[in-house]
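In what follows, a single structure is set out as structure tokens and then discussed.
The values are calculated or read from the model by the stated rules, or taken from the named source; none is laboratory data. Not measured: the values here are computed from a predicted model. Positions of Cβ are backbone-derived with ideal geometry, glycine not excepted, and every protein chain shown enters the neighbour counts.
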Amino acid sequence: MPNTESYIKELSTQIEQHNRAYAIGMPYITDSEYDLLWYKLYKIDPNNPLLYYTTKTMECRFGQLKHKKPIYGLNKAFCSDDLKPFITRHKDRTWRIEPKYDGVSAILYNNPDGQQLVLSGNGIIGADVTHHMHAINFNQSSKLFSVIPIELIIPNINWDSSLGSNQRNTVAGLINSSEITHLNLIEAIPYDTSLHYIVKPAAMTIPILEDLLLELYTQWSGTYPMDGLVIKVDSEKDRLTLSHNGTTYNWSIAWKPPIQIATTTVTHIEWNVSRNGRIIPTVIYEPVELCNTVNSRATGNNYRWIKDNKIYVNSEIKIGKAGEIIPKIISSNGQGKEFIPALCPYCGSTITVDGVHLVCNSNTCMPQMVKRIAYFYSDKGMDLHGIGEASIEKLLEHRIINQVLVEHPYALLSPYIYGLTEYIINILGEKTTLNYLDELEVIKGKKNPAHFIAGLGYKNLAYKTAYSIAQQIIGVYNKDNHQGDKVEAFYNGLGIMMKFIEKTSYQFMTIPKESVIKYCITGELSVSRNEMISYLSTYNWLFVNNISKNIKYLILGALPKDSTKLNRAKELGIKIISEDEIYSLLPKEIKDDCTV
């Protein structure tokens, strides 16, 4: 990459030129091309004022009008991380999802003395194109309100490539011409009364939302040129309350990752056994290139999804990909041969249907055991480097080790006590075993009971929840009200841990009894986020996903993707610290004994 300062200057010059062109209604690149430039600048300079160019004052010129009130822009999401702040902030509200039309934005004013059509321009002033209204096809709902935001667009059915290079710039060219000779070629689409999908997102996960967005985009882009989707709070009352921040509306966001769709053919369905015995399908298809990567695999979600969507071997399917998310199967023609296993594909045991899943009934199915034990030593649990699925699979092939680990998956924390050391050396080799034993010394006394209990893999009992329950037990103030099944699982895990300690005298770091320090992270750290969260938890620092007045610190890493967190922290007066500054805030007597 070129020098950062000169690169910022180069991007800024290009974006400023395109902002001016759009403000006068004469864009000369597509919205998608503009978004790529925008995102490059946003990644290295998220607070650059050119990113939020709307509502900058300029004098009215001939043929222009000042809008009755400012028009603000939209926050943009190019990946799932960009969506998270919006989802968290508005998860209890009903959403409205609409196309992000690739046209020219305008405002229709229904005045007592007649209608006016004004391009959005820079949000303060726009070109008056009322004289072209006779040539534009207006929806009946265009007369329902006094001020109506609309998009001037050429529907796909009306498009002919002889008209220009793309629909958006053709619209801009026609609107800025002295006369539009193509009557009813351009359609005026009012927002909030056109294509939309209403969703209540309270129980919606990001993967489910991404699937929905990709499906809606695929469906609607067949009718209109689009460069993404708009997600907005549905309630007009809530929109008024949420208002704006001076540059963008607080109640909406544009989902705008690069989106591509391709048709291909299923060649095979691969069934894999998870640590809880579920048999998960992966659909293998003829390779296709999407968003600059070649893809040949997509998740089949579960047995019921495969059945309901008629995904068969030799089916013709549509694959979609949006930015950084993994490829998704959008549809199937339902042709081909069904391929669903009657027995476990690994151990040959009987399988049953449990809800939407096929489940292997054998407790000795190798993939289940490997994944279950590896989970305990992963960063979801004890975070013991040097012991992964490949090593565990080799160890489980040994009869004695298999018997021990199936009953005591945590035995590798104390191999001497469980009599496993010599076997491990013979199987993994001396060098690998020594590395593993060194890692045991690294984590000894550095992990607390929540790491152990989370590693046991109880449903909905990840580390953060286990740690929070542990704090409640020792009387640390905590607002979380955990459900009974989580608490019950925690106590089951605590009982297992106590028996382990009794046998091995293994030392855990105690849960701190001091008040909780809540913090948030934005940007890239020198270590993984999970490692930093685990490390800081030993000092009773509690990671929180979003900024609120209860946050004490915002840790600012490199290249923060979410300027919303940074801006919100500044508004609330939250102390913003670098990764290096963290360590000066930790108690010295503990800090010297701990490393990330």
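Within the stretch 326-360, if we keep just the residues that are assigned to a strand (DSSP E or B) and of a type in the set (Ser, Thr, Tyr), the residue that is modelled with the lowest pLDDT turns out to be Ser331. For Glu210, are the conditions met, namely being acidic (Asp, Glu) and without any contact (Cβ under 8 Å) to a residue 40 or more places away in the chain? Judged against the criteria, Glu210 is not a match. Look at the stretch 171-200: where a residue is within 30 Å of Lys91 (Cα to Cα) and a partner is of a type in the set (Gly, Ala, Ser) and part of a loop (DSSP other than H, G, I, E, B), sitting 6+ places away or on another chain with Cβ atoms under 9 Å, you get Ile189/Gly103. Of all the numbered requirements in (1) within 17 Å of Asn48 (Cα to Cα); (2) surrounded by fewer than 19 Cβ atoms within 10 Å (Cβ to Cβ), Lys565 misses one, and that requirement is (2). Given the structure, is Val283 of a type in the set (A, V, I, L, M), free of Cβ contacts under 8 Å to residues at least 40 places away in the same chain and surrounded by 14 or more Cβ atoms within 10 Å (Cβ to Cβ)? Answer is no for this residue.
The set of residues in the stretch 515-555 that are part of a loop (DSSP other than H, G, I, E, B), in contact (Cβ under 8 Å) with a residue 40 or more places away in the chain and under 14 Å from Ile582 (Cα atoms) comprises Leu525, Ser526, Val527, Thr538, Tyr539, Asn540. Looking across the stretch 390-406, just one residue is crowded, with 17+ Cβ neighbours inside 10 Å and either in contact (Cβ under 8 Å) with a residue 60 or more places away in the chain or of a type outside the set (A, V, I, L, M) (or both), and that is Ser391. Looking across the stretch 179-235, the residues that are more than 20 Å from Ile317 (Cα to Cα) and of a type in the set (Phe, Trp, Tyr) come down to Tyr191, Tyr197, Tyr224.
Taken across the stretch 232-250, residues that are of a type in the set (Ser, Thr, Tyr), in contact (Cβ under 8 Å) with a residue 24 or more places away in the chain, touching a Leu at 6+ places or on another chain (Cβ under 7 Å) and assigned to a strand (DSSP E or B) do occur, with at least one present. Contact map, the stretch 407-432: first residue not assigned by TED's automatic domain parsing to the domain that holds Asp383 and of a type in the set (Phe, Trp, Tyr), second residue surrounded by fewer than 17 Cβ atoms within 10 Å (Cβ to Cβ) and in a loop (DSSP other than H, G, I, E, B), Cβ cut-off under 9 Å, separation 6 or more or different chains; the map is empty. Thr364: loosely packed, with under 15 Cβ neighbours inside 10 Å and either part of a loop (DSSP other than H, G, I, E, B) or assigned by TED's automatic domain parsing to the domain that holds Leu461 (or both), yes or no? In short, yes. Scanning the stretch 62-77 for residues that are small (Gly, Ala, Ser), in a loop (DSSP other than H, G, I, E, B) and touching a Phe, Trp or Tyr at 6+ places or on another chain (Cβ under 6 Å) yields a total of 0. Which one is surrounded by the fewest Cβ atoms within 10 Å (Cβ to Cβ) among residues in the stretch 372-389 that are part of a helix (DSSP H, G or I) and more than 25 Å from the chain's Cα centre (by Cα)? It comes out as Glu389. Determine if the stretch 153-167 includes at least one residue that is touching a His at 6+ places or on another chain (Cβ under 9 Å), at pLDDT 90 or above and in a strand (DSSP E or B). Checking the stretch 153-167: not a single residue is touching a His at 6+ places or on another chain (Cβ under 9 Å), at pLDDT 90 or above and in a strand (DSSP E or B). Among residues of the stretch 529-545 being polar (S, T, N, Q) and crowded, with 21+ Cβ neighbours inside 10 Å, the one that is modelled with the lowest pLDDT is Thr538. Can you confirm whether the stretch 281-301 contains a residue that is among the basic types (Lys, Arg), at pLDDT below 90, within 24 Å of the chain's Cα centre (by Cα) and under 30 Å from Ser32 (Cα atoms)? No - not one qualifying residue is present in the stretch 281-301. Among the conditions (1) under 23 Å from Ile180 (Cβ atoms); (2) surrounded by 15 or more Cβ atoms within 10 Å (Cβ to Cβ), the only one that Gly114 does not satisfy is (2). Checked against the criterion of being at pLDDT 90 or above and either surrounded by 19 or more Cβ atoms within 10 Å (Cβ to Cβ) or among the polar types (S, T, N, Q) (or both), the candidates Tyr197, Tyr224 yield just one match: Tyr224.
Among the residues of the stretch 265-280, those that are of a type outside the set (D, E, K, R) and surrounded by fewer than 18 Cβ atoms within 10 Å (Cβ to Cβ) comprise Thr265, Thr267, His268, Asn272, Ser274, Asn276, Ile280.
Scanning the stretch 122-134 turns up one or more residues that are of a type in the set (Gly, Ala, Ser) and either closer than 20 Å to Ile231 by Cβ or not in a strand (DSSP E or B) (or both). Among the candidates Ile325, Ile306, Ile330, Ile311, single out the residue that is outside the structural domain of Leu412 (by TED's automatic domain parsing) and over 21 Å from Gln219 (Cβ atoms). Result: Ile306 is the single residue among Ile325, Ile306, Ile330, Ile311 that is outside the structural domain of Leu412 (by TED's automatic domain parsing) and over 21 Å from Gln219 (Cβ atoms). Just the residues that are surrounded by fewer than 17 Cβ atoms within 10 Å (Cβ to Cβ) and assigned to a loop (DSSP other than H, G, I, E, B), please, taken from the stretch 26-43. The answer is Met26, Tyr28. In a residue-by-residue description of the stretch 290-302, the property of being surrounded by 20 or more Cβ atoms within 10 Å (Cβ to Cβ), part of a loop (DSSP other than H, G, I, E, B), touching a helix residue (DSSP H, G or I) at 6+ places or on another chain (Cβ under 8 Å) and of a type outside the set (D, E, K, R) applies to at least one position. Within the stretch 173-202, the set of residues being under 35 Å from the mean Cα position of the chain (by Cα) and in a loop (DSSP other than H, G, I, E, B) comprises Tyr191, Asp192, Thr193, Ser194, Leu195, His196, Lys200, Pro201, Ala202.
When the stretch 17-39 is limited to residues that are of a type in the set (A, V, I, L, M) and under 25 Å from the mean Cα position of the chain (by Cα), the one that is modelled with the highest pLDDT turns out to be Leu37.
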